[in-house]
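As structure tokens, the structure follows; a few thoughts come after it.
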Amino acid sequence: MAESTKNATLQLDGKSFDLPIFSPTVGPDVIDIRKLYANAGVFTYDPGFTSTAACDSTITFIDGDKGELLHRGYPIDQLAEKSHYLEVCYLLLYGDLPSAQALEDFENRVTNHTMLHEQMQYFFRGFRRDAHPMAIMVGVVGAMSAFYHDSTDITDAWQREVASIRLIAKMPTIAAWAYKYHTGQPFVYPRNDLDYASNFLRMCFSVPAEEYEVNPILSRAMDRIFTLHADHEQNASTSTVRLASSSGANPFACIAAGVACLWGPAHGGANQACLEMLREIGTPDRIPEFIDRAKDKNDPFRLMGFGHRVYKNFDPRAKVMKQSADEVLDLLGIENNPTLQVAKELEVAALADPYFTEKKLFPNVDFYSGIILEAMGFPTSMFTPIFALSRTVGWVSQWKEMIGDPQNKIGRPRQLYLGSTARDYTDIEKR
Ligand code: CMC
């Protein structure tokens, strides 16, 4: 925990209260209000946590004005270009880039945990075939706590480590099997001679009748999508994992809670919603109509893939994703892709409109990722599961950090109560 270097003073009803201020390594100062209620008898009010730090952390930092995302200090664009997903997983989990030997050991550990308990197949088979893969993932990830009892004791550091590796290793298998079940094809078992991204692509696209040749450029693009989504500070799903975990719940239950939260269209569900929106727009001539709808206060429609709570200049992940989209479409020989065309023109039109620039609404990571995933052959329903599998390492790293933090307490927000004061029950015949 940081040391306080200065104080803020709150004047209230003629009394003054000193509140310690912490200075982070980067970012704005943080006022410590933990003793505010005990000393001053008031709560603070901050729906959506727009000004509230719920924890201290050393994992990820975002500077929304600069459009900067750092993992353990390393900029995301450098990691996307020079590193790969499993190395970034190691960095997030353990704090530093690994030596060659440490990376090899880590990759072996992950690779040795890619299979699912055979009995877990029956969980998949219990769902309707048309179930959304995210619905299957929420259920199956939660069900891991019923299969891996030997890694649910959160007080045991070794069990926490095993649970972390299991989650990172098995999530691609779970996501791929959710897809296979959804499409009515047989499950494909993992192959441990393949790298993480190639293995995932093969488990999704291989069928017993025909072997799937993994294209290294597509596998690299897949790996980059995983890397770009690996962690993102205290976002909604990560905060959900932390809150669930604050009660002492087991790691699989907590990560299932994260998957559920990610599903929403304001969060990880935006990639599916964005591609569906681009398809609905269909042709560039309809862009003005949709921009007008997004600006209309009486219309709930929003431009999906636009805007971010923290980024107020640009989303550095979107920049890399846009480049990747061009590369992948080029590789696959997809020229004049109408969805990409609409996306590019929509971006230009929105950025030329004062409504979007004044509110600092820019394309986010989800704006271009769907185009790449669609070109690779994924249906829109798989976009959010791919986000979930990529973000698992972020959730796990933040969960591990929280468990090891002596400040850790059960999360229990207060409220501004505006309901009725105490009143007597009225018998039904008198109402
Ligand atoms: N289209 C049109 N108007 C928008 C949009 C949008 N995409 N996003 C925000 N606004 C407006 C909003 O109406 C509000 O206007 P006003 O001040 O006049 O009421 C203003 O901009 C601020 O919006 P907010 O909802 O208060 O901002 P927020 O920080 O609570 O929400 C957000 C951030 C990402 C939920 C929001 O921008 C949004 O709904 N975007 C579309 C969904 C999306 O792309 N989500 C993916 C986020 S990145 C991946 C991830 O983290 O999961």
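Considering only SER99, VAL140, ALA169, the residue lying farthest towards the positive end of the dipole of the stretch 86-174 is VAL140, judged by Cα position with unit charges set on Cβ.
Based on protein heavy atoms only, the chain ends up with 50 Å² per residue of surface accessible to a 1.4 Å probe.
A Förster radius of 35 Å combined with the Cβ-Cβ distance from ASP353 to THR380 puts the calculated FRET efficiency at roughly 0.85. Comparing VAL396, VAL188, VAL241 in a Gaussian network model of the chain where C-alpha atoms under 10 Å apart are linked, the largest mean-square fluctuation is found at VAL188. For the chain, the Cβ-based charge dipole about the Cα centre amounts to some 1200 debye (Lys, Arg positive; Asp, Glu negative; other atoms uncharged). Semi-axes, largest first, in whole Å: what does sqrt of 5 times each Cα gyration tensor eigenvalue give for the stretch 355-415? Square roots of five times the eigenvalues give 32, 21, 10 Å. As a rough guide to protection, the peptides 197-208, 33-44, 360-371 ranked by mean Cβ packing within 10 Å, highest first, stand as 360-371, 197-208, 33-44. Largest GNM mean-square fluctuation across VAL310, VAL259, VAL348, computed for the chain with C-alpha springs under 10 Å, falls on VAL348.
Would you work out which of ILE225, MET203, ALA257 lies farthest towards the positive end of the dipole of the stretch 176-305, given +1 charges on the beta-carbon of Lys and Arg and -1 on that of Asp and Glu, about the Cα centre? It is ALA257, whose Cα lies furthest towards the positive end. For the stretch 160-211, the convex hull drawn through the C-alpha positions has a volume of 73 cubic angstrom per residue. The relative contact order of the chain, computed from alpha carbon pairs under 8 Å that lie at least 6 residues apart in sequence, is 19 percent.
For ARG412, ARG309, ARG242, the ranking by accessible surface with the largest value first comes to ARG412, ARG309, ARG242, using a 1.4 Å probe.
The distance separating the Cα centre of the stretch 231-280 from that of the stretch 1-21 comes to 34 Å. Here the scattering of the stretch 152-293 is modelled by Debye summation over its C-alpha atoms, one equal scatterer each and no solvent; at q = 0.19 Å⁻¹ the log10 of I(q)/I(0) is -1.26.
What the Kirkwood sum gives for the chain is a hydrodynamic radius of 23.4 Å, with every pair of different alpha carbons counted. Rounded to the nearest 10 degrees, the inclination of helix 251-262 to the longest alpha-carbon principal axis of the chain is 90 degrees.
Reported to two decimal places, what Rg/Rh ratio describes the stretch 300-431 when computed on Cα atoms with Rh from the Kirkwood expression?
Details: Rg = 22.9 Å, Rh = 19.1 Å.
For the stretch 300-431, the value is 1.20.
One quarter of the convex hull surface built on the alpha carbon atoms of the stretch 123-186 amounts to 4.3 nm², the projected area averaged over directions.
What the phi angles of the stretch 350-359 give under the Karplus curve with 6.51, -1.76 and 1.60, with θ = phi - 60°, is a coupling list of 5, 6, 8, 9, x, 3, 6, 6, 5, 8 Hz, glycine and proline written as x. Report summary: the helix-based calculation at 222 nm, which adds -39500 (n - 2.57) for every DSSP H run with n ≥ 4 and divides by the residues of the chain, gives -15500 deg cm²/dmol.
The values are calculated or read from the model by the stated rules, or taken from the named source; none is laboratory data. What you are looking at is a predicted structure, and each value in this text was computed from that prediction instead of being measured. All Cβ positions, even for glycine, are placed from backbone atoms using ideal geometry, and neighbour counts span all protein chains on display. Note: areas computed on protein heavy atoms with side chains; ligands, DNA, RNA excluded. Shrake-Rupley method; radii C 1.70, N 1.55, O 1.52, S 1.80 Å.
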